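Colleague: If you scroll down you'll find the structure; I have some questions about it.
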Amino acid sequence: MSRSHSGETAEICLKGHFHIARDGSWHHEGRPIHRQALVKLFSTILKREGDRYFLVTPGEKVPVSVACCPFIAVSTWRDDNQQIFIRTNVDDVVAVNANNTQLHVLDESGQSIPKAEVRDGLFALLSRNAYYQWVEWAKIKDNNGVLEFVVHSGNNEISLGHIHENSF
């Protein structure tokens, strides 16, 4: 048993298997959940404890396997102050800054892509379109002889990764 977000004791329930795929799609018992309203509802009760994810209600705590990040940043834009925002696949809107954004290594090749914290340790991985938009906004910075792509969000500088000599 564990404490739910409301302070009540929730039983870990092993009925049903929930999974969030790499593309942000939600699945139950191996079948995709097609009702976006239901996915949005589930996303509001998704919690992270260490490296594990759960759907938490006052009475139950259901484990969720997550392939990469629970959310996908499906769109991005900048306001008049050059503050970057993302909108997730469950319609959360997040202002991007240096404290809530980090690079996520995708695979053994060392490729990385930014992810931004949506809330309480739950991250959204940038979609390909959102990532390319950030790359378009990025500038090359010489950081003591190491070249890197950086994007500015308001007064924050966010690294999109180092540029290797053999990249050109």
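The values are calculated or read from the model by the stated rules, or taken from the named source; none is laboratory data. Owing to the predicted nature of the structure, the values given are computational and were not obtained by experimental measurement. Positions of Cβ are backbone-derived with ideal geometry, glycine not excepted, and every protein chain shown enters the neighbour counts.
Colleague: Name the pairs: first residue in the range 55-77 and over 19 Å from His19 (Cβ atoms) and in the same structural domain as Glu117 (by TED's automatic domain parsing), second residue among the aromatic types (Phe, Trp, Tyr) and surrounded by 14 or more Cβ atoms within 10 Å (Cβ to Cβ), Cβ to Cβ under 6 Å, at least 6 apart or on different chains?
Modeller: From residues that are over 19 Å from His19 (Cβ atoms) and in the same structural domain as Glu117 (by TED's automatic domain parsing), the pairs are Trp77/Phe85.
Colleague: Restricting attention to the range 30-37, does a residue exist that is in a strand (DSSP E or B) and either at pLDDT below 95 or touching an Asp or Glu at 6+ places or on another chain (Cβ under 9 Å) (or both)?
Modeller: No - not one qualifying residue is present in the range 30-37.
Colleague: Within the range 22-31, how many residues are exposed (fewer than 12 other Cβ atoms within 10 Å of the Cβ) and under 23 Å from Leu126 (Cβ atoms)?
Modeller: 1
Colleague: Based on this model, can you work out whether Gln133 counts as within 29 Å of Val39 (Cα to Cα) and more than 17 Å from the chain's Cα centre (by Cα)?
Modeller: Against the criterion (within 29 Å of Val39 (Cα to Cα) and more than 17 Å from the chain's Cα centre (by Cα)), Gln133 does not qualify.
Colleague: Applying the selection to the range 40-63, what residues are of a type in the set (A, V, I, L, M) and either in a strand (DSSP E or B) or in contact with a Gly (Cβ under 9 Å, 6 or more places away or on another chain) (or both)?
Modeller: Leu46, Leu55, Val56, Val62
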